[in-house]
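Everything on this sheet refers to the single structure shown next.
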Amino acid sequence: MCGYNVGSDPNASPESILRQFEHGLRDVGDVRLLKVYTSGSFLDECEVPLEASRKMLLHCRDKNVRLLFESRPEYVSPKRLDELMAIHDDIEVALGLESSNDRILKYSINKGFKAEDYEKAARLLAEKGLDVRTYVLLKPPFITESEAISDSISTVKFAAKMSDTVSLNPVNVQRGTLVEKLWRNWAYRPPWLWSVLEVLRATTDTDVKMLCEPTGGGRERGAHNCGECDDVILHSLKSYSLSQDPAKLGSPDCECKEVWETILDVEGFVVGGTCDLQRFFRKH
Ligand SMILES: [Zn+2]
C-alpha cells in the first residue's frame, strides 16, 4: 500500500538533504515542535547520513525545539540513541507498527518485522526517556472490513501500553502499489469512515493521545463513506484529534450506515473478499 518508493531518490546527498531541511525551515517560523518526515527511517544512516542528522539535531538544540522523526524499529539501538541524545534529548520517535498481528504484518503488509521487534524498540525509547508515537494502519489488503476494525482496535490497545501518542492511519490507494492494482480490479475498497469512528470509539478508554486525519479522506482513494456524510465525520476526526474529547466524534444520521453494517455482516461469506460493488455498479 505504500507508494513512497516511487518518489524517493536513492542518490540524494547529505548536502541536498540539508538544503531541503533549510528550505523547509524558511516557511516554518517560530515553532516548538519540528517534524522531519523522511517517510522512512531517520535513524538509517543510508537514508539520512550522520552528518545531516547531526546538523538537524544541532538546529533543534539551538532553537530549543522538539524533534519528531520516524524510524523502523531495527534502527533503534542504544548506541544510536545515545549518539543523538548527546546532542539533543527533546525527541519524539514515530514507529510504524501498523498491526500487532504477526500474520497481518507478514501477509497483508509485508512489513519485514514482528510485533515483538516494535515492542523492543518502543521499550528502549521509553527507557531512554523519549516519547513514542505509533502508527496503526486501518485496513491493509486481504482482510475484510470487519477484520480490519478488530485488528486496529487490538493494535491500538497493544500500542497504547508503550506509546504517548497513537495515530490511526486508514489506508489510501497510492500510485504504483499492489493495493492500487487490487482497487482497479474492484478487489479492494479503502476503509469506511464508519470503521474509523468505530475504532476510535472502542479505544477511548486507553490513556494515550489519539490522532486521526485520513489522507485522501472523503475521496475514492481514501477512507470514505457515501459522499453525503463524509465531511461531517472528517471534521469531527479533526476536532477529536485536537481535543481528545470522545463527544466530538461525529455520528451523522446517514443511510449509508446501513450499507456499511450489512457489509460487516456478509463480507466474510463473499468469495473473493473485499469487493467494492458500489463503485462497480455506479453510473459512469
Ligand atoms: Zn453517508
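The values are calculated or read from the model by the stated rules, or taken from the named source; none is laboratory data. This structure is a prediction, so every number in the text was calculated from the model and none was measured. Neighbour counts are summed over all protein chains in view; Cβ atoms, including those assigned to glycine, are modelled from backbone coordinates with ideal geometry. Remember, those area values only see protein heavy atoms, side chains included, never the ligands or the DNA or RNA. Shrake-Rupley method; radii C 1.70, N 1.55, O 1.52, S 1.80 Å.
For region 1-146, carbon and sulfur atoms together expose 46% of the accessible surface, with a 1.4 angstrom probe and every protein chain in place. Considering region 66-122 at the alpha-carbon level, its Rg and Dmax are found to be 12.9, 39 Å. A simple spin-label model places the labels of residue 46 and residue 74 0.9 nm from each other, with each point 7 Å out along Cα-to-Cβ. Remark: region 92-106, residue by residue, has Karplus-estimated 3J(HN,Hα) of 10, 10, 9, 10, x, 7, 6, 8, 8, 9, 4, 5, 5, 4, 7 Hz, where x stands for each Gly or Pro and the curve is 6.51 cos²θ - 1.76 cosθ + 1.60 at θ = phi - 60°. Phi-derived couplings, Karplus 6.51 cos²θ - 1.76 cosθ + 1.60 at θ = phi - 60°, listed residue by residue for region 197-204: 4, 4, 5, 5, 5, 7, 10, 5 Hz, with x used for Gly and Pro. Looking at region 5-152, the accessible area is 53 square angstrom per residue; that uses a 1.4 Å probe and ignores ligands, DNA and RNA.
I need the shape label for the chain. Rule: rounded when a/c is under 1.5, else prolate if a/b > b/c, else oblate, with a, b, c from the alpha carbon gyration tensor. Prolate shape, in that a/c is at least 1.5 and a/b is the bigger ratio. The length gained by stretching the chain between residue 30 and residue 83 to full extension, at 0.36 nm per residue less their Cα-Cα distance, is 16.4 nm. When the GluC sites (Glu not before Pro) in region 197-243 are filtered for DSSP coil states and for at most 15 other beta-carbon atoms within 10 Å of their beta-carbon, the remaining sites are 220, 228. Label sites at residue 20 and residue 201, each approximated as a point 7 angstrom past Cα along Cα to Cβ, lie 4.0 nm apart. Accessible area per residue was computed with a 1.4 Å probe on protein heavy atoms; residue 2 scores about 70 Å².
Which whole-number percentage describes the relative contact order of the chain, with Cα contacts under 8 Å and a sequence gap of 6 or more?
After rounding, I find 15 percent.
For region 162-207, trypsin sites (Lys or Arg not before Pro) meeting the loop criterion (DSSP other than H, G, I, E, B) and having at most 14 other Cβ atoms within 10 Å: 175. Over the chain, dividing the summed -39,500 (n - 2.57) contributions of all DSSP H runs of at least 4 residues by the number of residues returns a 222 nm mean residue ellipticity of -12000 deg cm²/dmol.
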